[in-house]
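Q: First the structure, which I've put down as structure tokens, then a few questions once you've had a look.
The values are calculated or read from the model by the stated rules, or taken from the named source; none is laboratory data. Treat the numbers as computed from the prediction; the structure is a model and nothing was measured. Note that we place each Cβ from the backbone using ideal geometry, even for glycine, and neighbour counts take in every protein chain shown. The area values use the complete protein model at the heavy-atom level, side chains included, leaving out ligands, DNA and RNA. Shrake-Rupley method; radii C 1.70, N 1.55, O 1.52, S 1.80 Å.
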Amino acid sequence: MCGIVGYIGKRQACEVLIKGLKRLEYRGYDSAGVAFSGDSFRIYKCKGKVSDLEEQLKDKNINGCMGMGHTRWATHGEPTNNNAHPHQSMNGKFVIIHNGIIENYAKLKSGLEKEGYKFASETDTEVLANLIEYVYLHNQNNGDSLSCVDAVRVALNMVEGAYGLVIMSEDNPEKLIAARKGSPLVIGIGRGEYFIASDATPIIEYTNSVIYLNDDDIAVIGLDGLNLTNLKKVKQIPNIKKIDLKLDEIEKNGFEHYMLKEIYEQPRAIRDTYRGRLNFESKYLKLGGLHNVFSELKEAKRIMIIACGTSWHAGLVGEYLFEEFTRIPTEVEYASEFRYRNPVINKGDLVIAISQSGETADTLAAIQLAKKAGAIVIGICNVVGSSIPRETIAGVYTHAGPEIGVASTKAFTAQVTVLTMMAMAIGQANQGLTEKEFEDLIGELYAIPDKIEKILNTSNHIKDIAEKIKDSTNSLYLGRGYLFPVALEGALKLKEISYIHAEGYPAAEMKHGPIALIDEKMPVIVLATKDHSYDKIVSNIQEVKARKGCIIAIVTEGDTTIKEMADYVIEVPQSDFALAPLLTVVPLQLLSYYIAVYRGCNVDQPRNLAKSVTVE
Ligand code: G6P
């Protein structure tokens, strides 16, 4: 959360910063700001989106080849002009932008107030700006002059919490200082120019050589080069990596919204995720990223899956898959709960952390806890080089490509694809699956992208249904077995982008409460594809119908029984029931998307939300 961009080089910084901030807006869009150095700092910032800032900049002096910019997801203090970043220290010596949370900010603030510091905002970031300045000036007054970067180092050693920071200083105006702990920062290395950003998307247009900062790193960057040290002032060797990300992967490519583009990318994303790992002809499956730990994985006594949001829903599908294919007991938990409740973790337990961004703070902290307890911790992540793959001993990347729409879509199906392959590989190795079952599943998984394409071709029909139910204020999503997590995910999608209250429920639980809500105004979306509980779900549909609920059923192609009962049906191709989540979630994504568009909502940037949740 919060996007950071910095630039130093030969170009006009403003252009690089604004373009970069737009690419990072998925991380928050409560306010935006930029700062340029020169004879004095020029700071422009405002509540609202990057486009609002751009308007404001029209008549301003934005000349300069060095600067930094920020797009905010508010933590401390409301989204106001004053709380927008960059923040300047009281005596004007330092200007900073920050992603993360300074946890001991209140204590630091009262200490600074006693020293005469006044604050213009309610943010923890301004406290940090003033702390750095206080350290710098205090040492000067005492006759020990401290360089700007050493003042930053001393201050950061006093801070508890997480930060990705870019800092400019009045006394060293030709350098940018970047520092990281807990929140991501990437430095792009061009020819005679440097870029700093929260992720690589603002950088790839200019260079594919990057350095991912590690926790405790501090980089001082000028036209003469980059100097990397850590909080203890020990020199660090920059590890330059080449990134393989193309510009068109982060453009809308003719789609009205990123979310729609990403929904349509799912066949490609799934193919890319199994490409080179699964072979249909030779019935071969190998997950190279798990090679080193595979013997431990198949011996695991217990699997724990930890994740947040949509990734947690993928984890729930994983629980069904692992227990069915491997017979290893599996639990799924929200990372935020897991990390604070003293969970029982035994040495040799397998912990799987799932995260699209690879940066979610709660998931990262849960990983650290599990590692300490001796678990084997592996990751399923989408963003290459992000923190979670670096914290885990092994893992599998989803190759979904950058996901920019805040509501996650293709990341979910790619995660479920990886979980399916993992469960199949372990199941084959520990005989949870017979060879015939394993081979049939290879064929089934291989066919999923074509089947999703078929569903996408029915989008006009789904759009028509969306128009019929767009004015509802509540809705219920029901599913059983593998389709219960899909019900949760469908409900989450609707809530997130259309602001309609929605609940996902196991269909059989409906009679224990939610049935009381059903009347003719309540759309009930039922996941009712053909599997072993089909007859039960048909009975659940009858129960809703008897109470005049409006039924939208997701059914297997050719189903005639439910067609007669439901108000609307959406067909999906037949598949193995363990893979049905990969198909049935797609119409739910489209339904939410079209409902949100009909309601005039900002689909890609829903209110109050952001991606890459680097705060707890
Ligand atoms: C945020 C995003 C969700 C995402 C969740 C977990 O809430 O809006 O789309 O599912 O974070 O993120 P992760 O990157 O760990 O999958």
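Q: Note the angle between two axes, namely the Cα long axis of helix 534-545 and the longest principal axis of the Cα atoms of the chain, as a number of degrees from 0 to 90, rounded to the nearest 10.
A: Around 80 degrees separate the two axes.
Q: In nm, give the distance between the simple-model label positions of LYS283 and ASN141, each being 7 Å from the Cα along the Cα-to-Cβ direction.
A: 7.9
Q: Could you give the accessible area per residue of segment 253-455, probe 1.4 Å, as a whole number in Å²? Could you put the intermediate results ahead of the total?
A: Details: 7530 Å² over 203 residues.
On a per-residue basis, segment 253-455 sits at 37 Å².
Q: Give the calculated FRET efficiency between THR80 and HIS512 to the nearest 0.05, with a Förster radius of 35 Å applied to their Cβ-Cβ distance.
A: Values: r = 45 Å, r/R0 = 1.28.
E between THR80 and HIS512, to the nearest 0.05, is 0.20.
Q: Turning to a different aspect of this structure: Length gain on complete extension for the stretch ASP244 to GLN542, per 0.36 nm per residue less the alpha carbon to alpha carbon distance? Numbers along the way, then the final one.
A: Values: separation 298, 0.36 × 298 = 107.28 nm, distance 5.18 nm.
Taking 0.36 nm per residue and subtracting the Cα distance, the gain is 102.1 nm.
Q: Taking amide H positions as placed 1.01 Å from N in the peptide plane, with prolines and chain starts having none, which residues 5 or more places from GLY358, or on another chain, fall under 5 Å of its amide H?
A: Excluding prolines and chain starts, which carry no amide H, the hits are ASN382, VAL383.
Q: Next up: Stretch THR458-ILE393 to full length: gain in nm at 0.36 nm per residue minus the Cα-Cα span? Before the final figure, lay out each step's value.
A: On the way: separation 65, 0.36 × 65 = 23.40 nm, distance 4.20 nm.
Additional length available on full extension: 19.2 nm.
Q: With θ taken as phi - 60° and the coefficients 6.51, -1.76 and 1.60, list the Karplus ³J(HN,Hα) couplings across segment 131-148 in order, rounded to whole Hz; mark glycine and proline as x.
A: My calculation for segment 131-148 gives 5, 4, 5, 4, 4, 5, 6, 4, 5, 4, 4, 7, x, 9, 7, 10, 5, 4 Hz in order.
Q: Here's a follow-up. Using Cα pairs under 8 angstrom and six or more residues apart, how large is the relative contact order of the chain, in percent?
A: Worked out over the chain, it gives 12 percent.
Q: If you don't mind, another one. Under 5 Å between amide H atoms, partner at least 5 residues away or on a different chain: which partners does ASN81 have, H built in plane at 1.01 Å?
A: Long-range HN contacts for ASN81: LYS47.
Q: Oh, and also: So, R0 is 35 Å and r is the distance between the beta-carbons of ASP52 and ARG271; what FRET efficiency does that work out to, to 0.05?
A: Here the calculated transfer efficiency is 0.35.
Q: Compute the whole-percent fraction of alpha carbon pairs in the chain spaced more than 49 Å apart. Intermediate results must be reported in sequence, preceding the final value.
A: Details: 29243 of 189420 pairs.
Every Cα pair in the chain considered, those over 49 Å come to 15 percent.
Q: As a test, work out the antiparallel percent of DSSP beta bridges whose residues both lie in the chain, rounded to the nearest 5. Could the numbers behind the result be given before it?
A: Details: 61 of 101 bridges.
In the chain, approximately 60 percent of DSSP beta bridges are antiparallel ones.
Q: Out of the total accessible area of segment 192-324 (probe 1.4 Å, heavy atoms of protein only), what percent is carbon and sulfur? Before the final figure, lay out each step's value.
A: On the way: 3030 of 6110 Å².
So the carbon and sulfur contribution to the accessible surface is 50 percent.
Q: Hey, which of these cross-link pairs are over 24 Å Cα-Cα: LYS93/LYS233; LYS468/LYS495; LYS47/LYS175; LYS45/LYS495? Working shown, then result.
A: Numbers: LYS93/LYS233 22 Å; LYS468/LYS495 17 Å; LYS47/LYS175 28 Å; LYS45/LYS495 31 Å.
Flagged as over cut-off: LYS47/LYS175; LYS45/LYS495.
Q: I'd like to know how segment 253-455 sits against the 2.2 N^0.38 Å rule of thumb: what's its Cα Rg over that expected value? If you can, show how the numbers build up before the last one.
A: On the way: Rg = 16.2 Å, N = 203, 2.2 N^0.38 = 16.6 Å.
Rg over 2.2 N^0.38 Å, computed on Cα atoms: 0.98.
Q: Using only the alpha carbons of segment 6-148, what is the convex hull's orientation-averaged projected area in square nanometres? Let's see the in-between values first.
A: Working: hull surface 35.7 nm².
For segment 6-148, averaging the hull's shadow over all directions gives 8.9 nm².
Q: Using a cut-off of under 12 Å, list every residue of segment 468-490 whose amide N is near the label point 7 Å from the Cα of HIS532 along the Cα-to-beta-carbon line.
A: Residues 481-482 qualify, since their backbone N sits under 12 Å from the label point.
Q: Between GLU435 and GLU564, what is the spin-label point distance in nm, taking each point 7 Å from the Cα along the Cα→C-beta axis?
A: Inter-label distance under the simple model: 4.5 nm.
Q: Stretched out fully, how many nm does the piece from SER40 to SER209 gain, at 0.36 nm a residue minus the Cα gap? Display every interim value, and only then the final one.
A: On the way: separation 169, 0.36 × 169 = 60.84 nm, distance 3.15 nm.
Taking 0.36 nm per residue and subtracting the Cα distance, the gain is 57.7 nm.
Q: How many angstrom lie between the C-alpha centres of segment 406-460 and segment 10-42?
A: With segment 406-460 and segment 10-42 each reduced to a Cα centre, they are spaced 41 Å.
Q: Also: Could you compute how much accessible surface VAL344 exposes when probed at 1.4 Å, giving the result in Å² to the nearest 10?
A: My reading of the accessible area for VAL344 is about 100 Å².
Q: Something else: Quick one: what do you get for segment 458-602 if you divide its Cα Rg by 2.2 N^0.38 Å?
A: Cα Rg divided by the expected 2.2 N^0.38 Å: 0.93.
Q: Using the Kirkwood radius over Cα pairs, work out the Stokes-Einstein diffusion coefficient for segment 444-541 at 20 °C and 1.002 mPa s, in µm²/s as a whole number. The partial results should precede the final answer.
A: Working: Rh = 14.6 Å.
Translational D for this selection: 147 µm²/s.
Q: Averaged over all directions, how much area does the convex hull of the C-alpha atoms of segment 120-255 cover when projected, in nm²? Let's see the in-between values first.
A: On the way: hull surface 42.0 nm².
If you wrap the Cα atoms of segment 120-255 in a convex hull and average its projections, you get 10.5 nm².
Q: Could you pull the Rg and Dmax for segment 3-249, using just the Cα atoms, both in Å?
A: Rg and Dmax of segment 3-249, Cα atoms, are 16.6, 54 Å.
Q: Where does each of GLU78, GLU359, GLU453 land when they are ordered by accessible area, with a 1.4 Å probe and the largest first? Write out the running numbers ahead of the final one.
A: On the way: GLU78 125, GLU359 15, GLU453 75 Å².
Largest accessible area first, the list is GLU78, GLU453, GLU359.
Q: Now for a different question. Relative to the longest principal Cα axis of the chain, at what angle does helix 13-23 sit, 0 to 90 degrees, rounded to 10?
A: Tilt relative to the chain: about 20 degrees.
Q: Residue by residue, what Karplus-based ³J(HN,Hα) values in Hz, rounded to whole numbers, does segment 327-333 have, using 6.51, -1.76 and 1.60 with θ = phi - 60° and x for Gly and Pro?
A: Per-residue couplings from phi come out as 6, 8, x, 10, 10, 10, 9 Hz.
Q: Here's another thing I want to ask about it. If we count every other residue with Cβ under 14 angstrom of SER539's Cβ, Lys/Arg +1 and Asp/Glu -1, where does the sum land? Display every interim value, and only then the final one.
A: Values: positive: ARG480, LYS511, LYS536, LYS545, ARG547; negative: GLU509, ASP535, GLU543.
Once all neighbours under 14 Å are counted, the net charge is +2.
Q: Could you give the nm distance between label points at TYR340 and ASN61, where each point is 7 Å from its Cα heading toward the beta carbon?
A: 4.8
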